[in-house]
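Accompanying notes for the structure given below.
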Number of protein chains: 2
Amino acid sequence: MATRTRRSQRRTEALSRERIVEAAVELLDAAGESGLTFRALTERLATGPGAIYWHVANKDELLGAVTEAVVAATLAAGPATSTAPSGPARPAGPAGPSRSAGRGASADSPQDAIRAVALGLFEAIEDHPWLATQLALQLSRNPWGSVTPRIFESIGRQVRALDVPESSWFTATSALVHYVLGAAGQNAANGASADTDTGTHTDRAEFLDTVSSAWEELDPEDYPFTRAVADQVRGHDDREQFLSGLDLVLAGITALHSPRG
Amino acid sequence: MATRTRRSQRRTEALSRERIVEAAVELLDAAGESGLTFRALTERLATGPGAIYWHVANKDELLGAVTEAVVAATLAAGPATSTAPSGPARPAGPAGPSRSAGRGASADSPQDAIRAVALGLFEAIEDHPWLATQLALQLSRNPWGSVTPRIFESIGRQVRALDVPESSWFTATSALVHYVLGAAGQNAANGASADTDTGTHTDRAEFLDTVSSAWEELDPEDYPFTRAVADQVRGHDDREQFLSGLDLVLAGITALHSPRG
DNA sequence: ACCTGAACACCGTTCAAGT
DNA sequence: ACCTGAACACCGTTCAAGT
């Protein structure tokens with residue numbers, strides 16, 4: 001239920017690949033991965049399945065197109081021009097005071113530029129939790145598609161600007177991309193995670209609390225580290241945590257490669 | 001076709017959760033994610049769906065159990081008892097002094113221990129490509145399950161041994177875990193990747209060649225970096241590449257935290 | 001307690017037919 | 001060229017019924 005927003009312009013616009021992709025994003029955002037079905041799509045677009053299949057080969061291709069569209073928009077725009085009122089702002093968190101601070105102004109150092117790209121992807125995944133899985137699939141299964149090169153390029157250019165020797169470009173860029181996508185993805189699904197056998201989590205704080213508590217109850221013999229770390233899970237600010245990890249990888253790159261530590 | 005291996009002990013053993021998990025792993029290994037269906041499972045186990053549902057709540061729980069079983073076996077065993085010397089040792093980055101070297105002998109430094117755990121997961125994903133996606137899902141959607149703590153613990157203990165200050169345990173361990181899972185996952189699907197609109201790839205060398213060629217044909221204006229890096233993709237050794245990236249993250253950790261660089 | 005198997009609701013995809 | 005919509009094969013899941 002509740003999946004019946006807009007249904008206005010039935011035949012105002014003709015069907016097109018773009019309109020299909022747009023509708024698919026809306027369905028994914030509203031109901032997650034399982035919300036995107038050809039049934040729901042035909043209903044929303046007021047057509048039959050055949051019409052959609054004329055513009056798109058199959059569901060996999062549609063998911064690819066959807067992912068590419070969101071990534072392209074993200075990397076073109078940079079991080080949050082923060083789309084106005086999407087929910088109750090951000091949890092704010094104790095986070096850093098200034099940090100990359102600069103909103104409008106483009107980053108000045110390569111490190112800052114990488115942070116900006118990373119934050120852009122982080123926020124895109126935050127807004128579209130389904131994106132994490134799709135990106136992982138694109139990266140591994142379809143590296144010749146356009147989304148992998150796009151992400152690689154936007155981060156790799158800055159790696160080059162870091163004066164990393166060319167022989168290490170691929171390794172350094174890969175490490176950054178894997179961290180960014182992994183960490184952002186982990187953060188993602190939490191927000192909208194549905195019910196599970198453990199209970200139902202409405203908001204993120206409660207979710208983290210559940211995780212933290214579960215970890216604290218692990219066997220002290222087998223899980224001393226995880227137990228010790230459980231408390232850090234509870235209070236942490238996601239964005240902060242994400243950027244700290246990124247700085248770790250950046251530090252590794254400069255430590256191994258930079259002329260000057 | 002060809003999915004009809006063993007069908008011997010129809011009623012030799014009673015149905016059990018373990019037998020179901022075992023059969024599920026076999027199906028996943030043989031035919032990938034889409035190969036695991038309750039139909040195929042009932043056929044292989046010579047029962048009806050109801051019997052399976054008596055031991056397992058639903059497909060998600062089954063996938064969770066399957067993932068946990070493989071991870072538990074992997075982390076208990078350590079990396080490849082296996083497959084002889086694959087490739088020329090390590091690139092010997094400038095990093096640590098002695099490097100691991102040791103095969104049989106359990107790792108001596110925390111870095112080596114982390115490399116061992118990482119390699120174990122790398123190889124598990126290599127053997128079970130479907131594991132990459134499942135692990136990502138477990139990490140993000142189900143961190144209170146047992147697989148997340150298990151991975152976290154095995155890597156985190158070594159982070160602690162690295163004399164990282166406690167306030168950074170979570171960040172450092174997260175960065176490592178994300179890198180390991182992301183990089184191993186990227187490597188994974190390639191091996192068995194089926195056909196796509198670009199063609200059909202039987203073996204890995206051909207796959208990499210396709211990717212490399214596709215990247216070389218990108219617009220020089222928009223993708224200078226990716227084009228420049230395309231060649232490195234072709235020749236590289238996966239394991240090598242994987243360990244280099246890991247060393248990058250390790251270098252970042254020691255650079256930021258270690259009493260001694 | 002454990003298993004059977006028919007049945008249900010739903011899914012991606014096809015295709016002859018229309019305009 | 002673009003769209004319709006019935007139909008197909010298949011899926012996860014349920015449940016009355018058996019032992």
Checking a compactness column here: for the stretch A:111-181, what do you get for Rg(Cα) / (2.2 N^0.38 Å), N being the number of residues? 1.09
Check: the stretch A:29-82 dipole with +1 on Lys, Arg Cβ and -1 on Asp, Glu Cβ, in debye: 140 debye
For the stretch B:204-216, what does the Karplus curve 6.51 cos²θ - 1.76 cosθ + 1.60, with θ = phi - 60°, yield as ³J(HN,Hα) per residue in whole Hz, taken in order and with x for Gly and Pro? 5, 4, 5, 4, 4, 4, 4, 4, 4, 5, 4, 5, 5
Packing-ranked peptide list from B:235-243, A:170-178, highest mean Cβ count within 10 angstrom first, is A:170-178, B:235-243
Residues A:52, B:125 arranged by fewest to most Cβ contacts within 10 Å: A:52, B:125
On a full-extension model of 0.36 nm per residue, what is the gain between residue A:61 and residue A:30, subtracting their alpha-carbon distance, rounded to one decimal in nm? 9.1 nm
Under unit Cβ charges (Lys, Arg +1; Asp, Glu -1), what dipole magnitude, rounded to 20 debye, does the stretch A:114-162 have relative to its Cα centre? 280 debye
Using r as the Cβ-Cβ distance of residue B:47 and residue B:234, and R0 as 45 Å, what FRET efficiency do you calculate, to the nearest 0.05? 0.40
Order the peptides B:53-59, B:214-220 from the highest to the lowest mean number of other Cβ atoms within 10 Å of their residues. B:214-220, B:53-59
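No lab work stands behind these numbers, since they all come straight from the coordinates. Because the structure is a prediction, the values reported are computed rather than measured. Using ideal geometry, Cβ is built from the backbone for each residue, glycine included, and neighbour counts are taken over all protein chains shown.
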